[in-house]
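This report refers to the structure that appears directly beneath it.
The values are calculated or read from the model by the stated rules, or taken from the named source; none is laboratory data. Owing to the predicted nature of the structure, the values given are computational and were not obtained by experimental measurement. Here the Cβ positions follow ideal geometry from the backbone for every residue, glycine too, while neighbour counts run over all protein chains shown.
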Amino acid sequence: MKKKILAAALVVCLIAVTGLTGCGSSDKPYGKYDLSEYVKTGEYKGLETEKISVSVSDEEVDTQVKANVENTKTTEQVKEGKVKKNDVVNIDFEGKIDGKVFDGGTAKGQNLTIGSGSFIDGFEDGLIGKEVGSTQSLKLKFPKKYENNPDLAGKDVVFTVTINYIAEEKIPQYDDAWVAKNSKVKTKAEYEKQVKEQLYKDKEASEKNDRVSKLWSQIVESSEVIKYPEEEVNAYIEEIEKQYESVAQSSGVKLEELWSQYGIESEKDYNTQNKQTAESYVKEQMVMYDIAQKEDLSYSDDDADKLRDEIDKAGYTDETFKQNFGQDIESYIVAALTFEQVGTFIFDNAKTVDKVEQKDTEDKKDSKDDKEKATEKPAKEQKKDEGADEATSNDEPGGADA
């Protein structure tokens, strides 16, 4: 479990570092370089991409409406009745061993879902059927193996528990009144139309992002680095090292222990990997800014202000943003909005290909292959089968175990 937590933490940090974020001046990243001397950008116009085709079903609208309504639920304090399984009860409790209160055995105003197994055996069951507002005395025993506090293992304990109330969720009724209160329209029909339109836009945007991502990967792969600007590469290496060190420190492990989780066996491997990673980021940035310069792409001050507001609403300051993402806010804004402009440009200048046509082409190819296989002699078929077995060998990358 600890390894998984460490891995997840490092991935989050490295995602932040690996994003298209300029290390140079936030006003004009890579502006001091003649990028034609550093990178030969691959073809980025006229690339093929599938047409965007999305739809929204009535079921999807219903599901989203239901989720929206549930998001407006409220919690009421029910102070009468009896406790049932699955109730969320608010309790005060005090635990004593040999008549003495012990550390961690007392709390006030704690919510507990009955049946969740959050407390030791007998605690939650001991409250079922009891009146709200009553105080119960539960004579229990800690498990023989109690990892939370081995000192308490196997000991008898008495919990005095007061049931303050049942926290009951109230989901409002979905009607025109709810719509008028929670949206800018007045009827369910109008609201459902609005939800459908938003779902369509979201799907369309997701599909476009997917297309842009594939086009971008194709462009970067076809681009050639003439030479790397050392200052930029070194800045990234330094930032990557800081992130590794930060994760190691916050996780309470040595840097070398962290390396081993990623198959890094030595300091030499660590340095080599960091350099290669930094160079790949710099390559992407150079390609991005090269396209932006060639096509004179830019974004508005309003776009920058909007993104800045989103970051502010997320609760980040310049200091915390840099701590979390290894860069200052303004540099991020420049790079993020530049990539948005570049992505839109390469998508708008791509040739759209009908997905159905592509499938028809594949079907024709499959049909031709099937006919060829049908006319092959048994000996040839066996030879092809043997080849297929080798191609999917468990010992090879891409094989059955991959």
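Which numbered condition in (1) touching a residue at least 60 places away in the same chain (Cβ under 8 Å); (2) under 30 Å from MET288 (Cα atoms); (3) not hydrophobic (A, V, I, L, M, F, W, C) is the only one that SER217 fails?
Checking SER217 against (1) touching a residue at least 60 places away in the same chain (Cβ under 8 Å); (2) under 30 Å from MET288 (Cα atoms); (3) not hydrophobic (A, V, I, L, M, F, W, C), the one that fails is (1).
For the subset of the stretch 214-269 comprising residues that are modelled with pLDDT of 95 or more and in contact with a Leu (Cβ under 7 Å, 6 or more places away or on another chain), which member is nearest to GLY42 (Cα to Cα)?
The residue in question is GLN218.
For the stretch 109-147, give me the residue count where each residue is within 37 Å of the chain's Cα centre (by Cα), loosely packed, with under 13 Cβ neighbours inside 10 Å and at positive phi.
Qualifying residue count for the region: 2.
Assess whether SER280 counts as being assigned to a helix (DSSP H, G or I) and of a type outside the set (Asp, Glu). Quick ask: steps written out before the conclusion?
On the way: assigned to a helix (DSSP H, G or I): yes; of a type outside the set (Asp, Glu): yes.
Judged against the criteria, SER280 is a match.
Does the stretch 100-122 contain at least one residue that is in contact with a strand residue (DSSP E or B) (Cβ under 8 Å, 6 or more places away or on another chain) and assigned to a helix (DSSP H, G or I)?
For the stretch 100-122, residues in contact with a strand residue (DSSP E or B) (Cβ under 8 Å, 6 or more places away or on another chain) and assigned to a helix (DSSP H, G or I): absent.
Would you tally the residues in the stretch 140-173 being part of a strand (DSSP E or B), out of contact with any helix residue (DSSP H, G or I) (no Cβ under 9 Å at 6 or more places or on another chain) and free of Cβ contacts under 8 Å to residues at least 60 places away in the same chain?
2
Taking the conditions exactly as written (outside the structural domain of ASP58 (by TED's automatic domain parsing), within 30 Å of VAL65 (Cβ to Cβ) and among the small types (Gly, Ala, Ser)), does SER183 satisfy them or not? Working first, answer last.
Numbers: outside the structural domain of ASP58 (by TED's automatic domain parsing): no; within 30 Å of VAL65 (Cβ to Cβ): yes; among the small types (Gly, Ala, Ser): yes.
For SER183, the condition - outside the structural domain of ASP58 (by TED's automatic domain parsing), within 30 Å of VAL65 (Cβ to Cβ) and among the small types (Gly, Ala, Ser) - is not met.
Quick check on my filter: what residues within the stretch 205-252 are acidic (Asp, Glu) and farther than 30 Å from SER55 by Cα?
Scanning the stretch 205-252 gives GLU221, GLU224, GLU230, GLU231, GLU232, GLU238, GLU239, GLU241, GLU245.
So the check is Cβ under 9 Å with 6+ separation or different chains; which pairs have a first residue in the stretch 27-46 that's surrounded by fewer than 18 Cβ atoms within 10 Å (Cβ to Cβ) and a second one that's assigned to a strand (DSSP E or B) and modelled with pLDDT of 95 or more?
LYS40/GLU224; LYS40/VAL225; GLY42/GLU224; GLY46/LYS351
Out of everything in the stretch 245-270 that is in contact (Cβ under 8 Å) with a residue 24 or more places away in the chain and of a type in the set (S, T, N, Q), what residue ends up being farthest from GLN323 (Cα to Cα)?
Taking the candidates together, the pick is GLN261.
With the requirement that a residue be closer than 20 Å to LYS283 by Cα and of a type in the set (S, T, N, Q), what does the stretch 296-347 give you?
Selection gives GLN327, SER331, THR338, GLN341, THR344.
Just need a number here: residues in the stretch 27-46 that are out of contact with any strand residue (DSSP E or B) (no Cβ under 9 Å at 6 or more places or on another chain) and either on the phi > 0 side of the Ramachandran plot or not in a helix (DSSP H, G or I) (or both). Please lay out each step first, then the result.
Step one: of the stretch 27-46, the residues out of contact with any strand residue (DSSP E or B) (no Cβ under 9 Å at 6 or more places or on another chain) are 27-37, 43-45.
Remaining after also requiring either on the phi > 0 side of the Ramachandran plot or not in a helix (DSSP H, G or I) (or both): 27-34, 43-45.
Total satisfying the criteria: 11.
Conditions: (1) outside any loop (DSSP other than H, G, I, E, B); (2) exposed (fewer than 15 other Cβ atoms within 10 Å of the Cβ). ASN86 meets all but one. Number of the miss?
ASN86 satisfies all of (1) outside any loop (DSSP other than H, G, I, E, B); (2) exposed (fewer than 15 other Cβ atoms within 10 Å of the Cβ) except (1).
Filter the stretch 302-319 for residues that are surrounded by 12 or more Cβ atoms within 10 Å (Cβ to Cβ) and under 24 Å from ILE240 (Cβ atoms) and give the result.
ILE311, TYR316
Could you list, in sequence order, the residues of the stretch 175-197 that are in a helix (DSSP H, G or I) and either in contact (Cβ under 8 Å) with a residue 40 or more places away in the chain or charged (D, E, K, R) (or both)?
ASP176, TRP178, LYS181, ASN182, LYS188, GLU190, TYR191, GLU192, LYS193, VAL195, LYS196, GLU197 - these are the residues of the stretch 175-197 that are in a helix (DSSP H, G or I) and either in contact (Cβ under 8 Å) with a residue 40 or more places away in the chain or charged (D, E, K, R) (or both).
With respect to the numbered conditions (1) outside any loop (DSSP other than H, G, I, E, B); (2) more than 32 Å from the chain's Cα centre (by Cα), which one is the sole condition not fulfilled by SER206?
Only one criterion is unmet by SER206, namely (2).
As an exercise: evaluate ILE91 against (1) in contact with a Leu (Cβ under 7 Å, 6 or more places away or on another chain); (2) outside any strand (DSSP E or B) and give the number of the one condition it does not meet.
So ILE91 meets the others, but not (2).
Considering only the stretch 200-232, how many residues are in contact with a helix residue (DSSP H, G or I) (Cβ under 9 Å, 6 or more places away or on another chain), surrounded by 17 or more Cβ atoms within 10 Å (Cβ to Cβ) and either more than 22 Å from TYR30 (Cβ to Cβ) or of a type outside the set (Asp, Glu) (or both)?
The number of residues fulfilling the criteria is 9.
Kindly provide the set of residues from the stretch 263-275 that are of a type in the set (Ser, Thr, Tyr) and surrounded by 15 or more Cβ atoms within 10 Å (Cβ to Cβ), ordered by number.
TYR270
Somewhere in the stretch 353-373, is a residue more than 27 Å from TYR30 (Cβ to Cβ) and at pLDDT 90 or above? Spell out how you get there, then give the answer.
Start the filter on the stretch 353-373 by keeping residues that are more than 27 Å from TYR30 (Cβ to Cβ), which leaves 353-373.
Going one step further and asking which of them are at pLDDT 90 or above, we end up with 353.
The answer is yes, given that some residue of the stretch 353-373 is more than 27 Å from TYR30 (Cβ to Cβ) and at pLDDT 90 or above.
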